[in-house]
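The values are calculated or read from the model by the stated rules, or taken from the named source; none is laboratory data. In this text, all values refer to a predicted model and were calculated from it rather than measured experimentally. Methodologically, a virtual Cβ is constructed for each residue, glycine included, from the backbone with ideal geometry; neighbour enumeration extends over all protein chains shown.
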Ligand code: FAD
Ligand code: AMP
């Protein structure tokens, strides 16, 4: 790619920091670097379906935010039908207006992505919309969306190019029938039958949205066990609830092919009984994401990729090429927005000569289904495998007055602590607002709190947070509001 023609006048060519990628890893890095009094440009090439460029990357445009908007709307719709009568509220004639639901979602996305431009303006970050490519010696080739080319230079470059959905070779994307997660968020009608390949976080969230809106949903998962990366007591509880909600989750079902035929998709998969077929109206492929580094690195950039395509970095996200850093989904570690954000903040502080560190042991995970699922630290299976002697406290939301008042008493909070020094090793919550509740456990673990510290902390009554308090007490068989077994 040539980078030496037509450079617009009036813009600086040289910055202290250039960030390539304006998703939840890149834009916080740019803002923190500017807060650290460095001159900063953030380059981002994202364009939405209408062709409009937007900062915010996958998370704001096609991931975290639109999925949570639809999860919230679809949950309200579901509860209106399944729960309101229990509260003594009769509703007649409630109808789904999917166009309005999608419009609300798009409005939220627009507001959030435009908000990043306002944040950049406030912090003094130069936004550059177009493609960035790292050349040798921390030069950056920039091609604006209008084709204008410039060569920029920086003292430091931060790569934050994110990730892209993995395509299943035997079931290639074919809109509007076979779609990725972004396509699944944009359906303009509720499919009668929806197939989802992959019972990971994204597959379960998207499957839940369309199930609640009335689709028959079949989730095909190659692995024989459910949520293998989660605590298995929690995974079992989750599977039970999802099945009750009508999600048809087929484990040990490996998809081997999918083809559009007429207005339907024929899906072939193998399970313990042999080859099976399924016909659906829409198929979502949610088998994971891969690091995205297309046209990002010149051959002599000095940055290396590992065998899976991730940019190689050390524990401080330094690539090994002088003053070149990489953060977020394009480097090792969980593909989560908050992990990328904290890496971005760490790198921007390190560049400014300040202290910066990531505690990868306490990155929380959340699955925004109903009941919600969240955890931090080790699963019971991992603690057991480590050989450390441990104790477990479990508190069911059925015993929480607040959860019952909310008509959301499914699930439990579980705390695992070391028997020797009482260190909290892992906390796992399935239940109402689990993603909010886990923040307390993250803070406790970040500050090396013991389970006794949590036991001695006053929790307001009646709140959901009492479940964590009681789980800590239960670990020493001292729970007050549930039987100690
Ligand atoms: P991205 O968000 O992918 O951003 C990278 C940006 O860089 C993009 O805008 C891209 O266009 C741009 N770019 C790439 N290469 C170049 C280049 N050469 N020049 C210029 N620009 C470039 N995570 C959570 O933590 N919570 C959730 O609830 C959650 N829900 C999700 C739901 C879905 C459906 C999906 C798909 C993902 C979800 N995720 C969630 C994951 C989350 O979206 C990612 O972890 C996060 O977006 C990664 O941030 P990032 O900045 O590393 O990359
Ligand atoms: P995640 O990586 O968490 O998004 O989850 C993706 C899921 O898709 C994993 O649980 C994989 O086992 C599953 N998966 C991958 N390929 C296939 C396939 N061909 N058929 C069914 N499930 C698959």
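With the condition kept exactly as written, say whether any residue in region 249-266 is more than 16 Å from ligand 2 (Cβ to nearest atom), more than 29 Å from residue 376 (Cα to Cα) and in a loop (DSSP other than H, G, I, E, B). If you could, list the steps in order and put the result at the bottom.
In the first step, residues of region 249-266 are kept if they are more than 16 Å from ligand 2 (Cβ to nearest atom); the result is 260-264.
Next, from what is left, pick out any that are more than 29 Å from residue 376 (Cα to Cα): 260-264.
Then drop every residue that is not in a loop (DSSP other than H, G, I, E, B), which leaves 262-263.
Within region 249-266, one or more residues are more than 16 Å from ligand 2 (Cβ to nearest atom), more than 29 Å from residue 376 (Cα to Cα) and in a loop (DSSP other than H, G, I, E, B).
Can we say residue 242 is closer than 24 Å to residue 428 by Cβ and within 13 Å of ligand 2 (Cβ to nearest atom)? Lay out the reasoning, then the answer.
On the way: closer than 24 Å to residue 428 by Cβ: yes; within 13 Å of ligand 2 (Cβ to nearest atom): no.
Here the answer is no, as residue 242 does not meet what is asked.
Any idea which of 204, 234, 187, 213 is within 16 Å of ligand 1 (Cβ to nearest atom) and more than 18 Å from residue 287 (Cβ to Cβ)? Step through it out loud before you land on a result.
Numbers: 204 fails: more than 18 Å from residue 287 (Cβ to Cβ); 234 fails: within 16 Å of ligand 1 (Cβ to nearest atom); 213 fails: within 16 Å of ligand 1 (Cβ to nearest atom).
Sole residue among the options that is within 16 Å of ligand 1 (Cβ to nearest atom) and more than 18 Å from residue 287 (Cβ to Cβ): 187.
So that you can scan it fast, the table gives a plain yes or no per residue for (1) within 23 Å of residue 182 (Cβ to Cβ); (2) surrounded by fewer than 15 Cβ atoms within 10 Å (Cβ to Cβ); (3) modelled with pLDDT of 95 or more:
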{"site": "102", "(1), (2), (3)": "yes, no, yes"}
{"site": "113", "(1), (2), (3)": "yes, no, yes"}
{"site": "121", "(1), (2), (3)": "no, yes, yes"}
{"site": "125", "(1), (2), (3)": "no, no, yes"}
{"site": "131", "(1), (2), (3)": "yes, no, yes"}
{"site": "139", "(1), (2), (3)": "no, no, yes"}
{"site": "160", "(1), (2), (3)": "yes, no, yes"}
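For residues that are part of a loop (DSSP other than H, G, I, E, B) and either free of Cβ contacts under 8 Å to residues at least 60 places away in the same chain or within 13 Å of ligand 2 (Cβ to nearest atom) (or both), scanning just region 152-180, find the one that is nearest to residue 324 (Cα to Cα). Restricting to residues being part of a loop (DSSP other than H, G, I, E, B) and either free of Cβ contacts under 8 Å to residues at least 60 places away in the same chain or within 13 Å of ligand 2 (Cβ to nearest atom) (or both), the top hit is 166. Residue 403 fulfils the conditions (1) more than 25 Å from the chain's Cα centre (by Cα); (2) closer than 30 Å to residue 203 by Cα; (3) surrounded by fewer than 20 Cβ atoms within 10 Å (Cβ to Cβ) except for a single criterion, (3). Across region 286-309, what is the number of residues that are away from ligand 2 (no atom under 12 Å from the Cβ) and assigned to a strand (DSSP E or B)? Summing the residues that are away from ligand 2 (no atom under 12 Å from the Cβ) and assigned to a strand (DSSP E or B) in region 286-309 gives 3.
In this structure, is residue 201 touching a residue at least 12 places away in the same chain (Cβ under 8 Å), within 15 Å of ligand 2 (Cβ to nearest atom) and under 17 Å from residue 181 (Cβ atoms)?
On the way: touching a residue at least 12 places away in the same chain (Cβ under 8 Å): yes; within 15 Å of ligand 2 (Cβ to nearest atom): yes; under 17 Å from residue 181 (Cβ atoms): yes.
Here the answer is yes, as residue 201 does meet what is asked.
With the structure loaded, tell me whether residue 328 is within 11 Å of ligand 1 (Cβ to nearest atom), surrounded by 16 or more Cβ atoms within 10 Å (Cβ to Cβ) and at pLDDT 95 or above or whether it fails that test. Against the criterion (within 11 Å of ligand 1 (Cβ to nearest atom), surrounded by 16 or more Cβ atoms within 10 Å (Cβ to Cβ) and at pLDDT 95 or above), residue 328 qualifies.
Among the residues of region 267-285, which ones are away from ligand 2 (no atom under 15 Å from the Cβ) and more than 18 Å from residue 183 (Cα to Cα)?
So the first thing to find is which residues in region 267-285 are away from ligand 2 (no atom under 15 Å from the Cβ), and the list is 273-274, 279, 281-282.
Hits for region 267-285 are 273, 274, 279.
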